[in-house]
């Protein structure tokens with residue numbers, strides 16, 4: 001096996017970015033069994049799911065709840081693991097970025113959405129209807145996962161051992 005520490009040509013990070021961004025995204029299932037999709041300029045006006053960066057000191061579960069609440073106003077109940085994905089300089093994203101996409105499938109208590117300024121529209125769709133929309137590619141793969149497995153994967157839990165942000169200051 002050959003290993004190199006030199007990045008391939010063209011793989012230099014954006015200024016100030018030395019590592020991939022860890023993000024969470026949630027395919028939300030409402031009480032009607034429809035899934036929530038949001039349309040965003042960040043992914044070329046395609047449909048996607050609520051989500052965003054994990055903040056320093058924040059668990060994945062906390063990040064999912066925060067991002068969904070900020071972007072949609074929804075409160076989540078059950079949160080289950082989805083597929084782990086990677087988007088390296090994805091051509092559908094609005095800028096050069098390298099993401100580690102930690103996806104979940106989650107239940108919402110209701111379907112009353114209040115969008116923030118990150119999305120331009122939302123839709124509650126059956127999974128079959130959603131598959132017919134212009135989805136960004138990572139969302140299409142997340143939807144395929146849900147259509148194949150539903151909520152059968154394990155729950156996303158808080159880490160069993162965890163310090164506090166003050167512990168590392």
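Data table
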item: Matching residues in segment 127-139 - criterion: being buried (at least 17 other Cβ atoms within 10 Å of the Cβ) and assigned to a helix (DSSP H, G or I); result: 130, 138, 139
item: Options 49, 105, 29, 113: the member that is crowded, with 19+ Cβ neighbours inside 10 Å, in contact (Cβ under 8 Å) with a residue 12 or more places away in the chain, touching a strand residue (DSSP E or B) at 6+ places or on another chain (Cβ under 6 Å) and within 17 Å of residue 157 (Cα to Cα); result: 105
item: Per-region count, segment 96-112, residues closer than 18 Å to residue 41 by Cβ and either part of a strand (DSSP E or B) or touching a helix residue (DSSP H, G or I) at 6+ places or on another chain (Cβ under 8 Å) (or both); result: 1
item: Residue 93, sole failed condition from (1) in a loop (DSSP other than H, G, I, E, B); (2) modelled with pLDDT of 95 or more; (3) closer than 20 Å to residue 140 by Cα; (4) touching a strand residue (DSSP E or B) at 6+ places or on another chain (Cβ under 7 Å); result: (2)
item: Candidate set from segment 32-41 (those that are in contact with a strand residue (DSSP E or B) (Cβ under 8 Å, 6 or more places away or on another chain) and either at pLDDT 95 or above or more than 14 Å from residue 122 (Cα to Cα) (or both)); member that is surrounded by the most Cβ atoms within 10 Å (Cβ to Cβ); result: 37
item: Criterion: outside any loop (DSSP other than H, G, I, E, B) and out of contact with any strand residue (DSSP E or B) (no Cβ under 9 Å at 6 or more places or on another chain) - qualifying residue of 85, 62; result: 62
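The values are calculated or read from the model by the stated rules, or taken from the named source; none is laboratory data. Note that the coordinates shown come from a computational prediction; the quantities given were computed from them, not determined experimentally. Please note: Cβ atoms are built from the backbone with ideal geometry, for glycine as well, and neighbour counts cover all protein chains shown.
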